[in-house]
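Q: Quick one: this structure, given as structure tokens, is what I'll be asking you about.
The values are calculated or read from the model by the stated rules, or taken from the named source; none is laboratory data. As the structure is a prediction and not an experimental result, all values here were calculated from the model. Cβ sites come from the backbone with ideal geometry, for glycine too, and all protein chains shown count toward neighbours.
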Amino acid sequence: MKIKTSITISEEIIQQIDALAGQFGNRSNLIEKAIREFLVAESSRRRDLKDMDILNRRAEKMNKEGVDVLSYQADV
């Protein structure tokens with residue numbers, strides 16, 4: 001189901017949208033595709049930031065474990 005909405009966009013952006021809109025059917029299709037791609041990218045970015053935060057909080061412990069494991073390896 002689609003819902004009609006109204007947004008305000010700069011004339012410059014509208015001109016760029018109109019230049020590409022034919023490839024996507026119309027303005028609405030192009031804008032919807034762009035927003036979907038943005039939302040996927042933003043979700044991925046947020047997930048990556050969350051993962052990085054977890055790694056950073058646990059880095060010291062993980063590094064100590066790594067050094068411990070390496071200490072059991074034979075010298076080559």
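Q: Quick one: which residue in E42, E32, E60, E65 is over 17 Å from the mean Cα position of the chain (by Cα) and surrounded by 10 or more Cβ atoms within 10 Å (Cβ to Cβ)?
A: None of the other options fit; the residue is E65.
Q: Report, by residue number, each residue of region 1-29 that is among the charged types (D, E, K, R) and either part of a helix (DSSP H, G or I) or surrounded by 10 or more Cβ atoms within 10 Å (Cβ to Cβ) (or both).
A: Start the filter on region 1-29 by keeping residues that are among the charged types (D, E, K, R), which leaves 2, 4, 11-12, 18, 27.
Once the filter is applied, which keeps residues that are among the charged types (D, E, K, R) and either part of a helix (DSSP H, G or I) or surrounded by 10 or more Cβ atoms within 10 Å (Cβ to Cβ) (or both), region 1-29 yields E11, E12, D18, R27.
Q: Being surrounded by 10 or more Cβ atoms within 10 Å (Cβ to Cβ), modelled with pLDDT of 95 or more and not basic (K, R) is the requirement here; does E37 meet it?
A: So E37 fits the description; yes.
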